Each structure stands twice: as structure tokens, then as C-alpha cells.
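Take a look at the structure below.
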Amino acid sequence: MKKINLQLDNLNKVFPDDFTEEQIANAKTVFLKKLSESTHKFYGGKIQTAPKAGVFGFNWFNVWYTPGVSKISTTIRDNNNRSFELSNRGNLVGVVSDSTRVLGDGDCTPPGGLGVMEGKAFLMKYLGGVDAVPLCIDSTNEKGEKDPDKIIDFVKMVQHSFGAINLEDISQPNCFKVLDTLRDECDIPVWHDDAQGTACVTLAGLINSLKLANKKIEDVKIVHLGAGASNSTIARVNIAAGVNPKNMIMFDINGALTKNRKDFEQDKRYYHQWELCKKTNPKGITDFSEAMKGADVLIALSKPGPDTVKPEWISSMADKSIVFTCANPVPEIYPYAAKEAGAFIVATGRGDFPNQVNNSLGFPGILKGALMVRAKKVTDNMAIAAAKSLAKYAEKRRIDPENIVPKMDEVGVFAQEAADVAMQAIKDGVARVKLTKDEAFKRASEGIDYSRSMTKTLMDNDFIKEPPQELLQDALEYAIKQVK
């Protein structure tokens, strides 16, 4: 068997030579899941709490704790805003989830969401220089129902410990009520990453894809497959960024979104979808294959594939078609199949394919920008500013059909994004602190450099150990056996 290296950069080359492209794609999915399980067990999760103040002698405990810390408590008591500078609150995010819609796996129970929420915290720290705490909660009420009010009450109670709240993996329609209520009633930013974060990065990818296709955002015909929290927010943000809603058609599991969708009209919990029913699809097209004919863009966040989107639908699209199939963990159609069907640009949510359109490019920089100016909320304008920042960053270093957005290993992108978001927060009047763009960029860069350097120091000094090679080889062997 071929040997896989620790960097995993030879992942496409370690499978048997007679594997088809589909088998390789399937094997990678199995391999990554298996390796994730074994390495999470090896490390016991992927985040920890570590001091950022020194212990220079035993008496420093009297400074960091009693009696010295009494001064911190009384100072914050008299002016709560001092908590942002006298504690870690100003750089701390609570990642809150009831784990009712974890990736494409549905309700995973409250502790089942910990893998993703720790992952969010991991990425925030390494990519954005932001500390985060995973908080997976039980939202079940006395009737046995998932109750959005329980999430709302929880966040309102814990908000005083954090500079921002990242909502994650909350099923619809509860996620809409939770976000909209908390945005209005909390004094810190409350952000739904599955919705606003995904919308931000999707818009960035769309902006650059349209440049490469030489098409204008106000002219393109867009079909959305899936109308959940992510895709409905993508539609709303895209409209705010210039997409003509009359050129947009959306589908969910029950068919097209039209003015005849009484389920959305009558169930007030789905008010976002009902607004889209009224704004989009003026011709009332209800057949998906008909909608795809001549479409410029497909944005799919629906049922994991690889057979959810059929090649013939893509073949019927307009010249230089743009296909975003972003279901996780498996896209609605694999990129190679979409390309064979005629797609000009294909993006997915995965990092092992070209064009990863994933909210991991958004939330570390966006939340860092919001925290730096102590924003009261993350506005849609801030999300659009982040999208434009990402698109501009990628364009400066050159874009092509296989490379439309920055990658997570491009160090400078997150500081730039944070600075642009901070400036938009000030412009929108939601910032408590004003910085220049240069000040914001410098502060974000320093925080990100600190986090990366700390991680590297821990790795170099063997405090973070390399996973044993046999874990990688065992996962590879398992994947090959499963797919053969």
C-alpha cells in the first residue's frame, strides 16, 4: 500500500491506480472521516484552555486571583464596558448550538455537536486569533419539542461572558427566530454562521466567478436547490448585493418557492422563505429541469450527493455555467461529473476539491473585525463587506476557474477581512470603538500571528505531538476496503 504523508498533500495519489475518479472521491470521504475519529481520540478533542498571563513567582497568584482580583470585579461592576479590556471577554466568542442540524447528519443530540463546535473554536483561534468556547445545549422543553425560546433565554443569560455569540447547527425554522430575536435583544453581536457566514463566502465566490465568466450580477439567472437557513440567507444577501430577485428561482423538498406556497404563507415561522416566495420566480416555474434550462448559476445546499444533482440538468444550463454544490460532507454532484456535464466553474464546501466555498473563510475574520470595534451586531452590510474583501484578495493574487476564492492557508486574508468588516461596522453605526483601517489590520494581524506562533511553538516543543503514522495508514486501508 502507498504511504500517505503527515501533511496529507498526497491524498489524491495514495489510492489504487485502477480507482475511478468517483471511487477516489468516495474513498477520500471515508478516509477523512476515519482519520478524524482516530485523531480526535488520540488528542482527546482539539482545543484546550491555556493561560495568557505569566506566573513569575508564587505571589503572582495573589495578583491574578484574590486579593488583587477584587479590584477587577468592582471596576467592572461600576462600568460593565471595562469587562472588554480587563477580561478576555473582548476576544471571546460563545459557540452555541442545540445540535439539531449538524452538517448533513441532522439531529446529533447536544453532545454530538461538540466535534463541530470545537472545530469552530479551533478555526477561530488559528485563523482569526479569536478565543471561543463550545456550548452545546438541550433545547427540549417539557412537551418534548425543540424550543427556540430556550436557546434565546440561554444566550441572553450568558452574553455577559462573551464579546460575541456564534450560533451554529440549529435546525430551521427555529434558527430564524433565535437569530432575529437575539440580534435585537442582545448588546453584543449574535451571528448565525450557517446562514450569514455561508452567504458571505458564497457571495465572494459568485463575484469572482461572474468576473471570469464575464457576466453581470444583475443579469444572471440563478437557481437555488434547497431553501434552508443557509440557502435562503444566501438568496437574501445576494439580492442585497445586486442580484435581481426576478431572475431567481428556489426549490426545496416540497417544490418551487412561489406565491402559491400556502405552507410558507400560513406558517409564520418561515417568514424568510415566504418573503422569497413573493420576490422570486415571477413566472411561477415549478419544474426543476425547466428552471435549469439556460440558468447561469446553480447554488445547491440540499441533500448530500453525489446523485442529488443530475448531469443532464447541468448540461442544459447557459454557456460558462457556474455550479456551487455545497452540501456536506458529500456535494450534490462531484466536481469531475459537473465539469464533464459542461460546467465552467464548480465549487463545493470541501477543502480537498478546488474552490472551497465554506464559511471557514468567513467567520474567523468577520468575528475578529466585529470584536475589535466592540460591535453591537453583525449587519448584512458587514457580511457583504467581508465577501467583497475575500473576492478582492483572491483577485489580487490571480483567479481562474479552479481558484475563485482564497484558501485557508493564505495568511493575510483573515486580517484584511477583519479590517474591512471593522470599517463597515463603524460605517453602519454599530461599533463602540473607532479604529482606522491600518490600526484594525495591524491589530488583527498581531492577534493571528500570536495564535499561529503559539501553536507552532507547542508543536515544535512536542507539547502537541504528531499523530502516529499508523493512524493515517489504518484510515487509508479502511477507506480502500470500504470503496473497493
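A few points about this structure:
- Listed pairs K125/K368; K52/K368; K3/K28; K310/K388 exceeding 21 Å between Cα atoms: K310/K388
- Furthest towards positive pole of dipole, L127, T109, S99, structure part segment 90-193, Cβ charges: L127
- DSSP assigns beta bridges within segment 90-193; of those with both partners inside it, close to 5 percent run antiparallel.
- Segment 4-58 versus segment 267-285: alpha-carbon centroid distance in Å: 41
- Lysine pairs meeting the criterion (Cα under 26 Å, 8 or more apart or interchain), as found in segment 410-484: 5
- Calculated [222 nm] ellipticity per residue, helices only, for the chain: -14000 deg cm²/dmol; basis is -39500 (n - 2.57) per DSSP H run with n ≥ 4, divided by all residues, nearest 500.
- Placing unit charges on each Cβ (+1 for Lys and Arg, -1 for Asp and Glu) gives segment 146-238 a dipole about its Cα centre, and among I151, N214, A204 the Cα reaching farthest toward its positive end belongs to N214.
- In a reduced charge model with +1 at each Lys and Arg Cβ and -1 at each Asp and Glu Cβ, the chain shows a dipole moment near 1180 debye about its Cα centre.
- Taking the Cα centre of segment 1-118 as reference, the dipole from Cβ charges on Lys and Arg (+1) and Asp and Glu (-1) amounts to some 560 debye.
- Given [x] 4, 18, 29, 28, 15, 5, 1, 0; [y] 3, 11, 13, 15, 18, 18, 12, 7, 3, 1, 0; [z] 4, 17, 26, 27, 18, 7, 1, 0, the label whose value is P(r) over Cα pairs in 10 Å bins from 0, in percent derived from this model: [x]
- When exposed loop sites are taken as chymotrypsin sites (Phe, Trp or Tyr not before Pro) in a DSSP loop with at most 12 other Cβ atoms within 10 Å, the longest stretch of the chain clear of them is 66-462.
- When +1 charges are put on Lys and Arg Cβ atoms and -1 charges on Asp and Glu Cβ atoms, the dipole computed for segment 128-283 relative to its Cα centre reaches about 1120 debye.
- Amide H contacts for D131 (H built 1.01 Å from N in the peptide plane; partners 5 or more residues away or on another chain; cut-off under 5 Å): V93.
- Loop-located GluC sites (Glu not before Pro) across segment 379-411 with a Cβ neighbour count of 13 or fewer within 10 Å are E402, with loop assigned by DSSP.
- Cα gyration tensor shape for segment 90-193, rounded if a/c is under 1.5, else prolate or oblate: oblate
- For the chain, the membrane-span-like helices by this rule, meaning whole DSSP H stretches whose C-alpha atoms cover at least 15 Å of axis and whose Kyte-Doolittle mean is 1.0 or above, are 198-213; this says nothing about an actual membrane.
- Nitroxide proxy distance, nm - points 7 Å out along Cα→Cβ at K33 and D78: 5.8
- Dipole orientation for the chain: of the candidates V30, G351, L361, L361 has the Cα lying most toward the positive pole (charges on Cβ; Lys, Arg +1; Asp, Glu -1).
- Here the spin labels are modelled as points 7 Å beyond Cα on the Cα-Cβ line, and at K156 and T109 they lie 3.0 nm apart.
None of the figures in this text is laboratory data; all of them are computed from the coordinates on show. Quick caveat: nothing in here was measured; it's all calculated off a predicted structure. Note that each Cβ is placed from the backbone with ideal geometry, even for glycine, and that neighbours are counted across all protein chains shown.
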